[in-house]
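Here's the structure we're looking at; comments come further down.
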Amino acid sequence: MNRIEGTSPTGRVAENRSPSGATRATVEDGPPRSDRYHRATLYITLIAAVAAIGGLLFGFDTGVIAGAMLFIVPDFHLGPAEQGLVVGAVTFGALFGALVGGSWSDWLGRRRTNIVAGMSFIAGAVFSALAPDVDALIASRVLIGLAIGLTSVAAPMYIAELSPARNRGKLVSLFQLAVTAGILVSYIVDRALAPEHAWRWMLGLAFIPGALLVLGMIAMPESPRWLLKKGAEKAARQALALVRRPEEIDAEVKEIQEDLAHNQPAAWSELLMPGLRPALLVGVGLAVLQQVTGINTIIYYAPQIFQEAGLGSANTALAATIGIGVINVLSTLIAIWLVDRIGRKPLLIAGLTGMTISLAVLGVDQRFGKALGANPQWVAPITVGFVGLYIVCFAFSLGPIVWLMISEIFPNRARARAAAISTAANWMANFLVSLSFPVLQVMIGPSLWFLYAAMGVAAFIFVIGYVPETKGKSLEDISRQWRPEPAGIVITQ
Ligand code: BGC
């Protein structure tokens with residue numbers, strides 16, 4: 001995918017038109033420029049893919065529990081409160097992990113924080129698979145949550161800080177692609193192991209990607225932006241040399257150093273000051289809106305939603321749920337294809353439009369379908385169709401772009417902390433929406449879809465009014481956009 005981009009006609013024309021580039025190409029030693037470009041592109045894709053294993057585990061560990069609970073409940077004789085604790089422990093851990101993920105990413109570095117997340121995933125997988133009782137199971141689920149929180153802060157940020165501006169969107173979106181793949185794999189694993197009631201294997205299998213994450217990250221370079229922040233210029237240049245063309249390195253090091261020289265690291269309290277507040281508002285706003293538009297009611301409760309709409313047996317409902325998982329993965333590819341071409345905002349706007357329309361149709365279908373005397377046979381297919389459309393639209397917009405923008409909109413001096421707050425807000429909202437869904441369903445029934453649709457409208461207005469376009473800009477360019485504009489500062493287009 002990236003190889004094709006590297007040799008795209010646009011890229012070539014740009015290179016050949018530059019007179020200095022042309023001269024350099026004839027006098028430089030070593031492999032030809034296009035080979036080095038391909039090597040750098042392949043390497044950064046590998047780096048992004050390794051870091052994205054954290055996303056795979058995020059998706060797997062949040063998805064797998066639904067199927068595993070069917071057997072954990074009778075094995076441990078769990079009551080409703082204990083069931084809630086086993087399921088909710090991950091979200092609690094993720095909230096905590098997201099909060100500490102900011103400080104740890106600044107203190108240990110982005111790479112090591114991802115390694116700690118991987119180790120925590122491994123420990124959580126092993127302990128939960130071997131858990132002798134419910135307390136041990138809950139504790140290991142908190143550990144897994146901690147890992148998910150850490151990875152959801154550190155992985156997108158690590159990828160963004162190593163990526164060239166032209167490809168950053170698609171590379172960071174690999175994280176969300178991995179989340180969706182992890183959810184899908186968890187559905188499949190649950191189904192495959194259900195006949196043996198093998199819940200310990202369902203949970204324990206996460207050991208394998210956990211080990212791959214740790215081993216893979218050990219071999220990866222540290223983020224050059226973090227290294228420069230620590231004054232380690234030589235190491236930063238070595239890291240950049242792996243993922244950039246040689247002629248790009250000096251300019252990028254200079255740009256980052258200038259940015260760091262003019263901007264002292266931000267204290268936590270400074271995040272609310274006028275200089276950083278607008279960016280934080282966008283980060284937290286997007287993070288919360290990603291959840292309150294209802295995605296996880298579908299991801300976590302799809303079989304129930306389908307069955308209540310009259311979709312035959314539990315088996316048909318489960319098959320439709322796997323279908324949703326497949327659509328989620330495939331539609332994320334649309335974002336990977338388009339996010340660096342048409343930009344973040346058009347995708348967000350198109351996605352939110354589709355999501356809001358789907359939610360409104362679901363509300364009408366389920367609330368009024370039968371009452372209006374429509375053929376009840378239509379309620380189920382309309383539900384499946386519009387749940388599907390909703391997932392497609394989420395998957396190419398809010399799904400990947402929220403993680404992407406959280407990783408790119410904050411200035412170097414505050415990125416880790418502001419990303420941590422935004423991510424924690426995402427987990428908090430996730431927790432509240434998942435917790436409130438069953439209660440709200442009883443209280444307001446299908447009108448709940450209208451509530452999510454209203455949130456979709458709010459998100460639409462928020463994106464149009466507050467969210468900047470970041471396509472193709474360096475991270476330093478993006479942070480300059482937020483600063484008040486004294487004479488002489490050029491805001492890039
Ligand atoms: C969200 C998760 C959601 C997943 C679905 C992620 O971007 O943060 O809450 O379950 O997408 O694909």
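The values are calculated or read from the model by the stated rules, or taken from the named source; none is laboratory data. Computed from a prediction, not measured in an experiment: that's the story for all the values here. Please note: Cβ atoms are built from the backbone with ideal geometry, for glycine as well, and neighbour counts cover all protein chains shown. Side chains included, ligands, DNA and RNA excluded: accessible areas come from the protein's heavy atoms. Shrake-Rupley method; radii C 1.70, N 1.55, O 1.52, S 1.80 Å.
Tabulated data
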{"quantity": "Verdict on Leu184 being closer than 30 Å to Thr321 by Cα, open to solvent by 10 Å² or more (accessible area, probe 1.4 Å), out of contact with any Leu (no Cβ under 8 Å at 6 or more places or on another chain) and within 16 Å of the ligand (Cβ to nearest atom)", "calculated": "yes"}
{"quantity": "Check on Gly310, away from the ligand (no atom under 11 Å from the Cβ) and either farther than 28 Å from Trp403 by Cβ or out of contact with any Phe, Trp or Tyr (no Cβ under 8 Å at 6 or more places or on another chain) (or both)", "calculated": "yes"}
{"quantity": "Subset tally (residues that are within 21 Å of Asp477 (Cα to Cα) and either crowded, with 20+ Cβ neighbours inside 10 Å or touching a strand residue (DSSP E or B) at 6+ places or on another chain (Cβ under 7 Å) (or both)) for region 222-238", "calculated": "8"}
{"quantity": "Residue within region 121-132 that is open to solvent by 10 Å² or more (accessible area, probe 1.4 Å) and in contact with a Lys or Arg (Cβ under 8 Å, 6 or more places away or on another chain) present", "calculated": "yes"}
{"quantity": "Residue, modelled with the highest pLDDT, within region 23-67, restricted to residues that are under 18 Å from Pro400 (Cα atoms) and among the hydroxyl-bearing types (Ser, Thr, Tyr)", "calculated": "Thr45"}
{"quantity": "Filter result for Ala424 (in contact with a Gly (Cβ under 8 Å, 6 or more places away or on another chain) and either of a type in the set (Val, Ile, Thr) or within 15 Å of Leu289 (Cα to Cα) (or both))", "calculated": "yes"}
{"quantity": "Positions within region 433-450 being touching a residue at least 12 places away in the same chain (Cβ under 8 Å), within 16 Å of the ligand (Cβ to nearest atom) and either surrounded by fewer than 16 Cβ atoms within 10 Å (Cβ to Cβ) or of a type in the set (A, V, I, L, M, F, W, C) (or both), in sequence order", "calculated": "Val433, Leu435, Phe437"}
{"quantity": "Test: residue in region 321-343 that is in contact with a helix residue (DSSP H, G or I) (Cβ under 9 Å, 6 or more places away or on another chain), at pLDDT 95 or above and charged (D, E, K, R)", "calculated": "yes"}
{"quantity": "Candidate set: region 42-83, residues that are within 23 Å of Ala192 (Cα to Cα) and free of Cβ contacts under 8 Å to residues at least 12 places away in the same chain; chosen: the one farthest from the ligand (Cβ to nearest atom)", "calculated": "Pro74"}
{"quantity": "Filtered residue count, region 243-267, keeping only those that are in a loop (DSSP other than H, G, I, E, B) and touching a residue at least 60 places away in the same chain (Cβ under 8 Å)", "calculated": "6"}
{"quantity": "Residue that is closer than 24 Å to Gly204 by Cβ, open to solvent by less than 10 Å² (accessible area, probe 1.4 Å) and under 10 Å from the mean Cα position of the chain (by Cα), where the choices are Ser173, Ser140, Ser152", "calculated": "Ser152"}
{"quantity": "Some residue of region 207-222 being over 19 Å from Val116 (Cβ atoms), more than 16 Å from the ligand (Cβ to nearest atom), outside any helix (DSSP H, G or I) and not acidic (Asp, Glu)", "calculated": "no"}
{"quantity": "Qualifying residue in region 337-345 (condition: over 19 Å from the mean Cα position of the chain (by Cα), on the phi > 0 side of the Ramachandran plot and more than 14 Å from the ligand (Cβ to nearest atom))", "calculated": "no"}
{"quantity": "Residue among Gln481, Gln441 that is among the polar types (S, T, N, Q) and in contact with a Lys or Arg (Cβ under 9 Å, 6 or more places away or on another chain)", "calculated": "Gln481"}
{"quantity": "Residue identified as within 18 Å of the chain's Cα centre (by Cα), more than 16 Å from the ligand (Cβ to nearest atom) and buried (at least 17 other Cβ atoms within 10 Å of the Cβ) among Ile409, Ile401", "calculated": "Ile409"}
